[in-house]
Structures are given as C-alpha cells and as structure tokens.
Amino acid sequence: MGKGVGAGPGRAGGGPRSTPADPPGGAARRPALPRVTELLLSAFAGHRGVALPLGALTLIAGRSGSGKSSVLRAYEALARLGGGAELGEAFPEPGACVPERARADAQRRRGFRIGCTADGPEGPVRLEIAVQAEPELRIVGERLTAGGQVLLQTALRDPGRRTVQAAWHTAGAAPVTRAPLPDDRLGTALLPLRVAGKTPGQRSVLAAAEQMVVALRSVFPCDPRPERMREPVPAGTGRLLGGCDNLADVLWRTRTECGRRHALLVDAVRAGCAGPVFDLLAEPYDAGRLVRALLDRGDGTRTELRRLGDGELRYAALALVLLTGPGVLETDVPGEVPAALRTLTVLADGLDRCLDPVQRTELLGLAARMCERGHIRLVGAVNDASWATGTTGVTVVHLDRD
C-alpha cells in the first residue's frame with residue numbers, strides 16, 4: 001500500500017506517483033501564502049515511506065483499500081495539532097494509525113510517524129513527528145527543519161514524565177535553548193509562546209514555526225451525507241457542518257449575505273442537476289421552527305431537496321463548499337492571521353462518489369477556478385482519476401493496495 005502506479009516522466013519507483021500541475025520553475029518561486037506542499041507518511045496505517053506531493057487541487061486516486069481515507073485522516077490530524085489541539089483530539093483512534101505489522105518493542109510500545117512540508121515566504125519547512133500509540137498516547141519526537149538546518153528537535157528522555165526534552169536553534173550566546181515541552185501537544189505550535197525572538201536564530205525559528213502553523217490551518221473535512229440533507233433542519237449558526245447536514249440553514253444565510261456567490265452557486269447547480277433551475281431557495285418551515293431548501297424551477301414549480309438524487313445533493317453541497325469560505329464553514333479560523341494570508345484547505349473524502357460524468361466535470365472545473373485564486377485548496381479522494389488527468393491545475397497522486 002502506498003506504492004505508486006502510472007509514474008510520470010522522470011519519476012522512479014518507491015512511492016506514490018503524481019501528475020503535477022505546477023509549471024516548470026514554479027518551485028523556485030516562494031509563495032506569498034503559506035501552504036502544505038507535501039504530506040509525509042513515514043509509517044502510518046497502511047503507508048510506509050510515502051511522500052505525497054500536494055498542489056492547489058490534488059486528487060488522491062486509488063481502489064478501495066489503497067489508503068485514500070487514511071491520507072486525509074493524517075492531514076486532518078496534523079491540522080488539528082497545528083491549531084493547538086491535544087494529541088487525543090487529533091488521533092481519537094490511535095491504534096488504527098499504527099502500521100498493521102508493526103511490532104512492539106520490549107516495553108510493549110508501538111506507534112506511527114507522519115509529517116509534512118509547508119512552503120511559503122521562508123522557503124520549504126519540514127515537520128516530522130513520532131507518536132507513541134501504545135501503551136499510552138504521547139509524542140515521543142518532533143523535528144522542524146528548514147534549509148537543511150534543524151530548528152526544533154524534541155525527544156522523550158524520561159518515560160515516567162509527561163514531557164519531552166526540546167532544543168531549538170538560538171544562534172546567540174548559546175547555540176540552542178533547551179526546555180521541557182508537554183508530550184500531548186505539537187511543539188511547533190507552542191514555539192511562538194516560548195521563543196523570545198531576540199536573536200536572528202530565534203527569529204528564523206519563529207518564522208518557520210508560524211509558516212507551518214498558518215499553512216496547516218484552516219482545514220475543512222467534508223463528506224456530504226445525502227440521507228441527512230433531505231429533511232428540514234433547525235435554524236442555527238449558518239455554518240456548514242462537515243456532513244452538510246444543515247445545508248438548508250446555510251442557504252438561508254448565504255442567499256441574503258452574498259448575492260454574487262449565490263448566483264454562482266445557482267449556475268453550478270443548474271449545470272449539475274436535472275431539469276430547469278432558476279434559483280436555490282431556503283424558507284421557514286413548520287411554523288418557523290425549521291428551515292427547508294428547494295429548487296425554484298422558474299415556472300411556478302418548486303422541488304424540495306428530498307426529491308433530489310444522492311449525486312445531485314452531493315454535487316450541490318460540494319459546490320457550496322467551494323464557493324464559500326471559513327466564515328461559512330464549520331472550521332477553525334486563525335484570528336491572529338490576517339484574512340489576506342488565510343488559505344482554506346478542503347479535505348473531501350469520496351469526492352466522486354455518486355457523481356455522474358457531467359457532475360464530475362463541472363465540479364472539477366469549479367474547483368480549479370476557485371483554487372487558482374489562491375485562497376482555497378482542495379485534496380479529494382477518488383476511486384479513478386482518469387477523467388481528471390491532464391486537466392489544467394490538477395495534481396493527481398496514484399495509490400495502490402500493495
């Protein structure tokens with residue numbers, strides 16, 4: 001599992017093969033917005049020694065059992081850690097992350113290793129973490145590097161204490177600063193609270209850590225559930241859930257708040273749903289206690305969403321996700337990061353599930369247009385990406401089950 005098929009030009013074996021979308025020489029230009037450009041699965045679930053390149057719009061392709069969902073799970077976990085979450089929140093089922101054939105050591109310890117590379121104004125910055133899943137969950141090692149230099153390194157020295165020994169680059173009177181850090185949080189996310197930034201070395205550590213944290217946040221895991229989208233829902237915050245259960249409530253909000261984006265959503269729904277579509281509506285229901293969504297057919301006919309097929313509902317929900325932003329989606333918005341520097345990454349499991357060829361093509365075109373603007377990125381898992389290979393702006397990464 002995790003080995004590649006269909007290698008692109010110049011690629012050798014030993015990992016997933018990809019069809020990159022970046023133009024030649026693009027790697028030499030430092031992006032203004034921090035972004036995750038590579039996911040590292042050194043030993044995670046069914047993956048070993050895997051490095052997955054990530055573009056603005058990336059499709060992870062593979063048959064059932066190839067590990068597509070675990071790729072998205074690893075990315076989401078890193079994002080949670082980058083946002084300051086505790087380890088148990090990021091990995092609610094740590095045992096499922098341990099490679100199946102991993103053997104326990106003499107102390108009955110087993111674990112996994114993941115990481116990522118974030119590119120930005122500071123150049124490529126790499127984060128690698130080693131997590132002990134058994135007998136108790138804890139981070140046992142972390143390393144942050146940039147330009148071939150180790151900026152932060154932690155290690156578990158005393159298993160009896162819930163801390164790791166950390167050392168970060170200083171380049172002052174002392175080459176490094178050492179201090180204990182908790183073993184249930186990402187050290188990189190804690191550095192801005194610990195490093196004074198008085199020396200050039202400390203400032204380089206802070207810049208790299210902040211680039212990594214900004215690149216990882218915000219993330220919106222999305223897998224629309226048609227069976228939960230058909231019924232009227234209680235009026236709430238108007239922020240879309242990952243399963244898109246409250247689609248009607250969100251439409252009630254977005255239709256009045258942003259007419260331009262709503263018009264684009266109607267255009268997308270018109271292209272992907274059967275029959276004429278004049279508008280996509282939301283209205284009070286059951287004496288105002290609930291909200292329901294409908295299609296306005298333009299001739300006086302209105303179709304409740306419950307009548308739509310699974311593919312139509314998933315298509316409409318995914319189009320809404322791509323056309324909205326962190327203020328509408330139920331995601332962690334880093335308030336300390338200026339809006340101009342925020343990039344939302346959508347993690348879409350089963351992106352092509354239930355979609356027909358027309359819906360698939362329309363959704364991919366919409367995603368490419370939105371990702372090209374730079375403030376949204378998409379990593380989607382699909383069974384087969386042959387329909388997307390060669391599309392401008394799309395990076396395809398192939399996995400297999402061996």
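Check which residues have an amide H placed less than 5 Å from Leu151's amide H, if you skip close sequence neighbours.
For Leu151, whose amide H was placed from the backbone, the distant partners under 5 Å are Leu144, Thr145, Ala146.
For the chain, with a Gaussian network of springs between Cα atoms less than 10 Å apart, report the residue from Leu57, Leu193, Leu127 with the top mean-square fluctuation.
Result for the chain, Cα springs under 10 Å: Leu193 fluctuates most.
Along each of the three principal axes of the Cα atoms of the chain, give the extent in whole Å, ordering the values from largest to smallest.
76, 45, 44
Suppose all protein chains stay in the model; what accessible area per residue would a 1.4 Å probe give for the chain, in Å²?
Heavy-atom SASA per residue in the chain reads 45 Å².
Looking at segment 69-164 from every direction and averaging, what is the projected area of its Cα convex hull in nm²?
7.1 nm²
Using only Cα atoms, tell me the angle between helix 357-372 and the longest principal axis of the chain; keep it within 0 to 90° and round to the nearest 10.
Tilt relative to the chain: about 50 degrees.
Beta carbons within 10 angstrom, averaged per residue: use that to sort the peptides 195-201, 117-123, highest first. Walk me through the intermediate numbers first.
On the way: 195-201: 15.1, 117-123: 19.4.
Highest-to-lowest ranking by the protection proxy: 117-123, 195-201.
How many angstrom lie between the C-alpha centres of segment 357-397 and segment 188-255?
Cα centres, segment 357-397 to segment 188-255: 21 Å.
What angle, in degrees between 0 and 90 and rounded to the nearest 10, separates the Cα long axis of helix 259-272 from the longest principal axis of the Cα atoms of the chain?
The two axes meet at around 80 degrees.
Positive end of the dipole of the chain, charges at C-beta (+1 Lys, Arg; -1 Asp, Glu), about the Cα centre: which of Ala268, Val321, Val50 has its Cα farthest in that direction?
Of Ala268, Val321, Val50, it is Val50.
If you place +1 on the Cβ of every Lys and Arg and -1 on the Cβ of every Asp and Glu, how big does the dipole about the Cα centre of segment 174-236 come out, in debye to the nearest 20?
In debye, rounded to 20, segment 174-236 gives about 280.
Put +1 on the Cβ of every Lys and Arg and -1 on every Asp and Glu Cβ in the chain; which of Gly298, Thr237, Ala166 then has its Cα farthest towards the positive end of the dipole?
Ala166
In µm²/s, what is D for segment 259-326 at 37 °C and 0.692 mPa s, where D = kT/(6 pi eta Rh) by Stokes-Einstein and Rh is the Kirkwood radius from Cα pairs?
Roughly 262 µm²/s, to the nearest whole number.
Mind checking the dipole of segment 120-217: about its Cα centre, +1 per Lys or Arg Cβ, -1 per Asp or Glu Cβ, Debye to the nearest 20?
300 debye
Cα axis of helix 68-82 to longest principal axis of the chain: angle in degrees, 0 to 90, nearest 10?
Between the helix axis and the principal axis of the chain, the angle is about 60 degrees.
Please list, in chain and number order, the residues 5+ apart from Cys222 or on another chain whose amide H is under 5 Å from its amide H, with Hs placed from the backbone.
Sorted by chain and number, the residues that satisfy this are Leu347, Ala348, Asp349.
What nm distance separates the two modelled labels at Thr392 and Gln149, each placed 7 Å from Cα along Cα→Cβ?
Result: 4.0 nm between the two label points.
Just going by the charge dipole of segment 24-173, with Lys and Arg at +1 and Asp and Glu at -1 on Cβ, which of Ala77, Ala61, Pro92 is farthest out on the positive end?
Ala61
Once R0 is set to 35 Å, what does the formula 1/(1 + (r/R0)^6) return for the Cβ-Cβ distance between His375 and Asp158, expressed as a FRET efficiency to the nearest 0.05?
Result of the calculation: an efficiency of 0.20.
Carbon and sulfur atoms: what percent of the 1.4 Å accessible area of the chain do they account for?
Details: 9080 of 18010 Å².
Its accessible area is 50 percent carbon and sulfur atoms.
The values are calculated or read from the model by the stated rules, or taken from the named source; none is laboratory data. All figures in this text were calculated on a predicted structure; none of them were measured in a lab. No Cβ is skipped: glycine too gets one built from the backbone with ideal geometry, and neighbour counts run over all protein chains shown. Calculation scope for accessible area: heavy atoms of the full protein, side chains included, ligands and nucleic acids excluded. Shrake-Rupley method; radii C 1.70, N 1.55, O 1.52, S 1.80 Å.
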